[in-house]
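A.B. asks: Sending over a structure as structure tokens; questions will come in a sec.
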Amino acid sequence: MLKYMKAARLHTVGTNFSIDSIEIPTPGPHDVLVKVKACGIIPNMKNVMAHYAEWFPFLPLPPLPAIYGLDASGDVVAVGEKVKAISVGQRVYVNPGTSCGSCHACRCGQPINCDAYTFLGYFGFGPRSKEVFEDYPYAGFAEYMTAPASSLVKVPDSVSYEAAARMGYLGTAYSALRKAGARSGQTVIISGATGTLGLGAVLLALAMGVTKIFAIARNKALLDRVRALAPERIEVLSAGTEPLGDWVRSYTGGLGADIFIDAVGPGAPHSLSLEGINALRRGGRMVDIGGMSEPLPLEMFRLMCFQISVIGSLWFDVAEGEDMMRMAEAGTLDLSVFEHHAFPLDKISEALEAVDNRAGGFSNVVVMHEGAKR
Ligand SMILES: [Zn+2]
């Protein structure tokens, strides 16, 4: 086996990646070594690399020189001696959300609530994330990475590596819809519906049998593409052209929607989030996955009287990843809508630029490692 691999590493914040040759790691007893085939580049990646140290000093970053890359898919090429049910050759998506395994939350089966919860190749959520980065310093912008066997989502042959590398934001949307109780017969408002997160929410809502989707965004051309996915089930509204509550109630017999998924990113005005909450029926549920940065002035009295829930949701677990792969295999989750834009690792700077010029969520920018085409 080869001894060295290429890895794009950030040596100094504010500079470009350099392509370094480093040793291929050996997996620990409960870990695997994955030969990375594709790694998604999410819209927020440049912010994390350039600004998070200043914007969110409480969120630990991988120590420098750092390997980034959040959504990696590839093949298992080596397994640790204690790994029982994953074999060499398995196609996988690596869920980068990594927990400590032994704190209260982890032992209670809630890994995402672990106070050491960390996204490999991205950032962590607590001081103990430093320990996780020490154990797992590799990520998708390297040719190989280690990961706990328990983080792997099996990828069926019918799902390409590029599409599998889109699982992160798809999974975030899926977990939000599950927390909101989305199912057949329900109605869902999705704000930011043309973006990477929002389009994922549309695709998953369709897959889960949601009866009517109200898609809100600014870009009319992209909204039309969203509507074309299922014109009989999707209604679209250009944000700001009509009061959201009146519009939704006109389709729901005056009730309002069952669910509101807010996928609009930080920096957006909070007025659209408030409008979405006010467009819910009594007992409705709002789930935020976009990470609105502006504080929301919530009318708790109204929320109490109307029994409206406001829920924060971060990422998704391996079980939800396995669900999505089965849905993709069965064809209920349609991944064919994505236009993949693949760049070799040497062109990672161009890939990061391409993310800025994407056609909303329809574009899927990935780093493809050599020999990954299939
Ligand atoms: Zn833990």
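The values are calculated or read from the model by the stated rules, or taken from the named source; none is laboratory data. Bear in mind the structure is a predicted one, so any value in this text is a computation, not a measurement. Cβ coordinates were reconstructed from backbone atoms using ideal geometry, including for glycine residues, and neighbour counts include every protein chain displayed.
A.B. asks: How many residues are assigned to a helix (DSSP H, G or I) and surrounded by fewer than 17 Cβ atoms within 10 Å (Cβ to Cβ) if we restrict to segment 235-257?
C.D. replies: 4
A.B. asks: I need the helices (runs of 4 or more DSSP H) fully contained in segment 144-218, keeping only those with at least 1 residues that are modelled with pLDDT of 95 or more, of a type in the set (Asp, Glu) and closer than 21 Å to Leu33 by Cα.
C.D. replies: So the answer is 161-164.
A.B. asks: Still on this structure: Report whether or not Asp262 is crowded, with 21+ Cβ neighbours inside 10 Å, at pLDDT 95 or above, at negative phi and acidic (Asp, Glu).
C.D. replies: Yes; evaluated as a whole, the condition is true for this residue.
A.B. asks: How many residues are closer than 15 Å to Thr172 by Cβ and out of contact with any Asp or Glu (no Cβ under 9 Å at 6 or more places or on another chain) if we restrict to segment 265-290?
C.D. replies: Count: 1.
A.B. asks: Any idea which of (1) among the small types (Gly, Ala, Ser); (2) in a loop (DSSP other than H, G, I, E, B); (3) in contact with a Ser or Thr (Cβ under 6 Å, 6 or more places away or on another chain) is the one Ala230 doesn't satisfy?
C.D. replies: Of the numbered conditions (1) among the small types (Gly, Ala, Ser); (2) in a loop (DSSP other than H, G, I, E, B); (3) in contact with a Ser or Thr (Cβ under 6 Å, 6 or more places away or on another chain), the odd one out for Ala230 is (3).
A.B. asks: If Val188 satisfies every condition in (1) surrounded by fewer than 19 Cβ atoms within 10 Å (Cβ to Cβ); (2) farther than 26 Å from Asn357 by Cα; (3) touching an Asp or Glu at 6+ places or on another chain (Cβ under 9 Å) but one, which is the exception?
C.D. replies: All conditions are met except number (1).
A.B. asks: Checking Tyr138 against (1) away from the ligand (no atom under 16 Å from the Cβ); (2) part of a loop (DSSP other than H, G, I, E, B); (3) touching a helix residue (DSSP H, G or I) at 6+ places or on another chain (Cβ under 9 Å); (4) farther than 29 Å from Ala205 by Cα, which test does it fail?
C.D. replies: Checking Tyr138 against (1) away from the ligand (no atom under 16 Å from the Cβ); (2) part of a loop (DSSP other than H, G, I, E, B); (3) touching a helix residue (DSSP H, G or I) at 6+ places or on another chain (Cβ under 9 Å); (4) farther than 29 Å from Ala205 by Cα, the one that fails is (3).
A.B. asks: Now a separate question. Condition check: among the charged types (D, E, K, R) and within 26 Å of Asn357 (Cβ to Cβ). Does Arg225 satisfy that?
C.D. replies: yes
A.B. asks: Now for a different question. From the list Glu232, Glu275, exactly one residue is surrounded by fewer than 16 Cβ atoms within 10 Å (Cβ to Cβ) and more than 14 Å from Gly360 (Cβ to Cβ). Which is it?
C.D. replies: Answer to the check: Glu232.
A.B. asks: Being near the ligand (Cβ under 7 Å from one of its atoms) and surrounded by fewer than 16 Cβ atoms within 10 Å (Cβ to Cβ) is the filter; apply it to segment 98-112 and report the residue that is nearest to Val132 (Cα to Cα).
C.D. replies: That would be Gly101.
A.B. asks: Moving on to the next point. Look at Ile24 and say whether it is of a type in the set (A, V, I, L, M), touching a residue at least 12 places away in the same chain (Cβ under 8 Å), surrounded by fewer than 17 Cβ atoms within 10 Å (Cβ to Cβ) and over 18 Å from Pro96 (Cα atoms).
C.D. replies: Spelling it out, it is not the case that Ile24 is of a type in the set (A, V, I, L, M), touching a residue at least 12 places away in the same chain (Cβ under 8 Å), surrounded by fewer than 17 Cβ atoms within 10 Å (Cβ to Cβ) and over 18 Å from Pro96 (Cα atoms).
A.B. asks: Six or more apart or on different chains, Cβ atoms under 6 Å: show the pairs whose first residue is in segment 103-120 and at positive phi and whose second is near the ligand (Cβ under 9 Å from one of its atoms) and assigned to a loop (DSSP other than H, G, I, E, B).
C.D. replies: none
A.B. asks: Give segment 325-369 a look and list any residue that's surrounded by fewer than 16 Cβ atoms within 10 Å (Cβ to Cβ), within 30 Å of Ile216 (Cβ to Cβ) and of a type in the set (Ser, Thr, Tyr), or say none.
C.D. replies: Thr332, Ser336, listed by residue number.
A.B. asks: I need a count of the residues in segment 56-100 that are free of Cβ contacts under 8 Å to residues at least 60 places away in the same chain, within 20 Å of Gly171 (Cβ to Cβ) and not polar (S, T, N, Q).
C.D. replies: 0
A.B. asks: Also: State the number of residues belonging to segment 117-129 that are buried (at least 23 other Cβ atoms within 10 Å of the Cβ), more than 8 Å from the ligand (Cβ to nearest atom) and part of a loop (DSSP other than H, G, I, E, B).
C.D. replies: 3
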